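Enquirer: Have a look at this one.
The values are calculated or read from the model by the stated rules, or taken from the named source; none is laboratory data. What you see is a predicted model, and the numbers here were worked out from it, not measured in a lab. Every residue, glycine among them, receives a Cβ derived from its backbone with ideal geometry; neighbour counts consider all protein chains shown.
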Amino acid sequence: MGQGSKPLSSEVDVNIPSVARMYDYYLGGKDNYAVDREASEELLKVVPSTQVLAINNRRFLQRVVRVLAQDYGIRQFLDHGSGLPTQDNVHQVAQRVDEQSRVVYVDNDPIVLAHGRALLEENDNTAVIQADMRDTEGIFGHSEVKRLINPDEPVGVLFVSVLHCIPDSDDPAGLIRRIADRVAPGSIFVICQLVSEDKATRDFVTNFMDTSTQGNWGRVRQAHEVREYFTGLEILEPGLVEVSTWRPDADRGPRQLTEEWIEWGGVALKP
């Protein structure tokens with residue numbers, strides 16, 4: 001669920017909440033600290049749908065990777081702001097469709113790097129790199145990206161629940177355009193972030209997370225702002241939606257029942 005604006009560090013800071021570790025807590029993981037749990041519980045007091053949102057977001061990620069691999073033939077994925085490994089990660093979903101599928105996870109949190117490398121030691125088609133997701137040149141120049149991502153083939157570019165961690169001054173829409181300029185035609189972008197049409201919710205969450213993470217945050221936005229991320233791309237059906245409604249596996253599947261804030265976005269093709 002996150003990236004931020006501070007220099008990369010190899011040290012895990014257990015005194016400042018990490019967006020990745022808070023997300024891990026909401027998903028029932030064990031790779032979080034007291035400071036992460038406290039911040040997560042404080043957020044739930046004001047925005048009680050947060051945990052359901054995290055779970056639905058994770059299900060969307062798994063569903064969309066399967067669809068891209070099965071229906072669109074995508075065999076390589078670049079996952080920006082991947083967060084901590086949980087069950088059914090991108091490489092596991094993609095490699096069930098084709099065991100030769102290749103995945104690079106990108107995150108700036110050192111704990112993600114440590115856990116990811118341990119998880120992937122025996123998987124030659126998958127790598128995790130520590131990088132700021134805004135550093136497009138650095139990411140595409142990384143040896144593991146060069147090893148696993150073929151620039152002449154379509155790639156699945158994932159920005160799932162992370163762009164709210166990028167401040168406006170760093171131009172998240174511009175980041176998408178920079179990557180679109182580098183990847184092959186037929187590449188598919190998966191983009192969603194936290195949005196709310198309620199100003200009080202937007203302001204509270206933005207201020208709370210910015211203060212809690214000591215600046216490791218951007219902004220909860222509105223849907224029309226996220227739509228700008230898709231400029232120049234062909235949005236696939238069913239369009240831009242609250243993610244639990246994006247090609248659900250079953251009509252009885254979980255839905256985001258509250259409107260205080262939602263994970264909103266979709267999937268789009270580079271022509």
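Enquirer: Would you point out which residue out of F159, F140 is within 22 Å of G265 (Cβ to Cβ), surrounded by 16 or more Cβ atoms within 10 Å (Cβ to Cβ) and touching a residue at least 40 places away in the same chain (Cβ under 8 Å)?
Expert: Among F159, F140, only F159 is within 22 Å of G265 (Cβ to Cβ), surrounded by 16 or more Cβ atoms within 10 Å (Cβ to Cβ) and touching a residue at least 40 places away in the same chain (Cβ under 8 Å).
Enquirer: Residues of segment 90-112 being closer than 21 Å to R21 by Cβ, in contact (Cβ under 8 Å) with a residue 40 or more places away in the chain and not in a loop (DSSP other than H, G, I, E, B), which ones?
Expert: V90, D107, P110, I111, V112, listed by residue number.
Enquirer: Across segment 120-166, which residue is farthest from R221 (Cα to Cα) among those that are out of contact with any helix residue (DSSP H, G or I) (no Cβ under 8 Å at 6 or more places or on another chain) and at pLDDT below 95?
Expert: Result: E122.
Enquirer: Here is a follow-up. Among the residues that make up segment 116-124, is at least one of them over 25 Å from A184 (Cα atoms), of a type outside the set (S, T, N, Q) and surrounded by 19 or more Cβ atoms within 10 Å (Cβ to Cβ)?
Expert: yes
Enquirer: Among the candidates V52, V35, which residue alone is closer than 23 Å to G265 by Cβ and among the hydrophobic types (A, V, I, L, M, F, W, C)?
Expert: Criteria check complete, one pass: V52.
Enquirer: Could you figure out which of (1) at pLDDT below 90; (2) among the aliphatic types (A, V, I, L, M); (3) under 21 Å from Q62 (Cβ atoms) isn't true of V205?
Expert: (3)
Enquirer: Which of the residues belonging to segment 196-212 are among the basic types (K, R) and over 21 Å from the mean Cα position of the chain (by Cα)?
Expert: Passing the criteria: only K199.
Enquirer: Something else: How many of the residues making up segment 113-137 are among the charged types (D, E, K, R) and either in a helix (DSSP H, G or I) or touching a residue at least 40 places away in the same chain (Cβ under 8 Å) (or both)?
Expert: Of the residues in segment 113-137, 4 are among the charged types (D, E, K, R) and either in a helix (DSSP H, G or I) or touching a residue at least 40 places away in the same chain (Cβ under 8 Å) (or both).
Enquirer: In contact with a Lys or Arg (Cβ under 6 Å, 6 or more places away or on another chain) and surrounded by fewer than 24 Cβ atoms within 10 Å (Cβ to Cβ): is that true of T86 in this structure?
Expert: It is false that T86 is in contact with a Lys or Arg (Cβ under 6 Å, 6 or more places away or on another chain) and surrounded by fewer than 24 Cβ atoms within 10 Å (Cβ to Cβ).
Enquirer: If only one of R177, R227, R182, R219 is surrounded by 20 or more Cβ atoms within 10 Å (Cβ to Cβ), of a type in the set (D, E, K, R) and closer than 28 Å to F140 by Cα, which one is it?
Expert: Sole residue among the options that is surrounded by 20 or more Cβ atoms within 10 Å (Cβ to Cβ), of a type in the set (D, E, K, R) and closer than 28 Å to F140 by Cα: R219.
Enquirer: I want to confirm something. Restricting to segment 62-80 and keeping residues that are more than 17 Å from I235 (Cα to Cα) and in contact with a strand residue (DSSP E or B) (Cβ under 6 Å, 6 or more places away or on another chain), which single residue is surrounded by the most Cβ atoms within 10 Å (Cβ to Cβ)?
Expert: The qualifying residue surrounded by the most Cβ atoms within 10 Å (Cβ to Cβ) is F77.
Enquirer: Still on this structure, please answer the following. Across segment 22-69, which residue is farthest from the chain's Cα centre (by Cα) among those that are among the small types (G, A, S) and assigned to a helix (DSSP H, G or I)?
Expert: A34
Enquirer: Considering only residues that are β-branched (V, I, T) and closer than 22 Å to Q222 by Cα, look in segment 167-198 and name the one that is modelled with the lowest pLDDT.
Expert: Selected residue: V195.
Enquirer: Report whether or not D109 is under 19 Å from V190 (Cα atoms) and under 15 Å from the mean Cα position of the chain (by Cα).
Expert: When the stated conditions are applied, D109 does not pass them.
Enquirer: Scan segment 72-85 and give yes if some residue there is closer than 16 Å to V157 by Cα, among the aromatic types (F, W, Y) and in contact with an Asp or Glu (Cβ under 6 Å, 6 or more places away or on another chain), otherwise no.
Expert: no
Enquirer: Related question: Please go through segment 1-39 and pick out each residue that is loosely packed, with under 14 Cβ neighbours inside 10 Å, within 14 Å of I111 (Cα to Cα) and modelled with pLDDT of 80 or more.
Expert: If the condition is that a residue be loosely packed, with under 14 Cβ neighbours inside 10 Å, within 14 Å of I111 (Cα to Cα) and modelled with pLDDT of 80 or more, then N15, K30 are the ones that fit.
Enquirer: Does at least one position in segment 93-107 carry a residue that is in contact with a His (Cβ under 6 Å, 6 or more places away or on another chain), crowded, with 24+ Cβ neighbours inside 10 Å and either farther than 18 Å from V162 by Cα or not polar (S, T, N, Q) (or both)?
Expert: There is at least one residue in segment 93-107 that is in contact with a His (Cβ under 6 Å, 6 or more places away or on another chain), crowded, with 24+ Cβ neighbours inside 10 Å and either farther than 18 Å from V162 by Cα or not polar (S, T, N, Q) (or both).
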